[in-house]
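Participant: Okay, handing you the structure first.
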Amino acid sequence: GSMGKPVPRGTVARFISPEALAALGEGEPCFCPHPACAVAYYAPLGQPVTKDQLSVGLDLKDPQGSHPICHCFGHTRESLAAEWAEKHSVSAVMDVMAKARAGECRCEELNPQGVCCLPELRRAVLALQDLPPMPEAEPEDACSTCSDTSGCSSCGG
């Protein structure tokens with residue numbers, strides 16, 4: 001029942017087999033953001049693609065696994081927890097923001113969701129620190145943390 005977010009077809013093709021891409025059918029593919037849902041991608045006229053059909057694991061769909069939260073720079077829950085245990089701080093969010101501003105991220109290609117990882121990364125850091133999650137940003141707000149300037153809904157900035 002969750003509304004999915006459109007993902008470029010080229011991004012989807014990186015993470016599923018050619019057969020699954022063909023079965024997905026025509027139309028704009030979307031990513032299902034609901035953590036409990038087994039569906040990863042769906043399109044209006046095709047067969048859905050489940051998380052088990054992806055070539056990479058997704059932290060959002062399996063937070064107990066050791067999957068990247070940040071697919072560009074390899075941050076995982078384990079790496080965040082290790083830094084928190086050692087330094088009692090986590091630099092991942094600031095690191096990704098700086099790299100995004102420098103044009104070093106390729107979220108639309110490398111993240112199966114086709115969007116910047118910063119919202120998920122922030123939620124993971126806050127959860128690690130036992131802090132409440134940040135409120136969702138308004139989509140009409142301009143974003144300055146990544147190349148997507150269409151609004152904060154894509155990167156939470």
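Participant: What does the accessible area per residue of the range 1-95 come to in Å², with a 1.4 Å probe and no ligands, DNA or RNA counted? Don't skip to the answer; put the middle values down first.
Facilitator: On the way: 5170 Å² over 95 residues.
So the range 1-95 comes to 54 Å² accessible per residue, rounded to a whole number.
Participant: I've got another one for you. Could you state the orientation-averaged shadow area of the convex hull built on the Cα atoms of the range 5-81, in nm² to one decimal?
Facilitator: Directional mean of the projected Cα hull area for the range 5-81 stands at 5.0 nm².
Participant: Sorting Val12, Val56 by accessible area (1.4 Å probe), largest first, what list results?
Facilitator: Ranking Val12, Val56 by accessible area, largest first, yields Val56, Val12.
Participant: Putting +1 on Lys and Arg Cβ atoms and -1 on Asp and Glu Cβ atoms, find which of Met3, Leu24, Gln47 reaches farthest to the positive end of the dipole of the range 1-54.
Facilitator: Of Met3, Leu24, Gln47, it is Met3.
Participant: Let me ask something else. Could you rank Thr50, Thr76 by how accessible they are, 1.4 Å probe, largest area first?
Facilitator: Thr50, Thr76
Participant: Just going by the charge dipole of the range 7-137, with Lys and Arg at +1 and Asp and Glu at -1 on Cβ, which of Leu80, Cys37, Val93 is farthest out on the positive end?
Facilitator: Farthest along the dipole direction, towards plus: Val93.
The values are calculated or read from the model by the stated rules, or taken from the named source; none is laboratory data. This is a predicted model, so every value here is computed, not measured. Note: ideal-geometry Cβ built from the backbone for every residue, glycine included; neighbour counts use all protein chains shown. We work out accessible area using only protein heavy atoms, side chains counted, and drop any ligands, DNA or RNA first. Shrake-Rupley method; radii C 1.70, N 1.55, O 1.52, S 1.80 Å.
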